[in-house]
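The values are calculated or read from the model by the stated rules, or taken from the named source; none is laboratory data. A quick note: this is a predicted structure, and the numbers were derived from the prediction, not measured. Every residue, glycine among them, receives a Cβ derived from its backbone with ideal geometry; neighbour counts consider all protein chains shown.
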Amino acid sequence: MYIHIAFPCQAFLSHNVVAEHNRVEEIVNGTTLAWTIARPSALANRPPTGYLASLKLQPRTYLTARADLAAFIADELGRNQHVRQPVFVASRSASCTGTLFVQHVGPPWQMLP
């Protein structure tokens with residue numbers, strides 16, 4: 001009985017999350033603001049390994065250390081490389097493949113002057 005109840009609720013919640021995500025993106029795209037949407041894979045409390053950033057969803061990019069996401073955000077604030085673009089962000093690891101580029105490696109506070 002529990003399984004039959006859980007799956008419909010999960011589908012309902014997932015549908016609403018996706019619909020809300022799409023609606024927010026429409027609203028942001030409709031503005032004249034200089035925005036960047038960071039789309040991390042699953043966030044993890046683990047040491048930073050450097051991040052990978054791509055305009056396309058990449059296979060086998062499973063985790064993003066919170067410090068790596070913070071490093072991407074700090075880099076983007078200083079460089080403005082992805083203005084008005086959503087960017088997929090993941091921690092660098094041996095299992096990641098694709099046309100990704102590595103930015104900052106290390107804790108985000110090491111980037112500050």
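Which one is modelled with the highest pLDDT among residues in the stretch 23-63 that are of a type in the set (D, E, K, R) and either under 16 Å from Ala74 (Cβ atoms) or not assigned by TED's automatic domain parsing to the domain that holds Val89 (or both)?
Top of the filtered list is Glu26.
Inside the stretch 22-56, can you point out the residues that are part of a strand (DSSP E or B) and not charged (D, E, K, R)?
Within the stretch 22-56, Thr36, Ile37, Ala38, Pro40, Ala42, Leu43, Ala44, Tyr51, Leu52, Ala53, Ser54 qualify.
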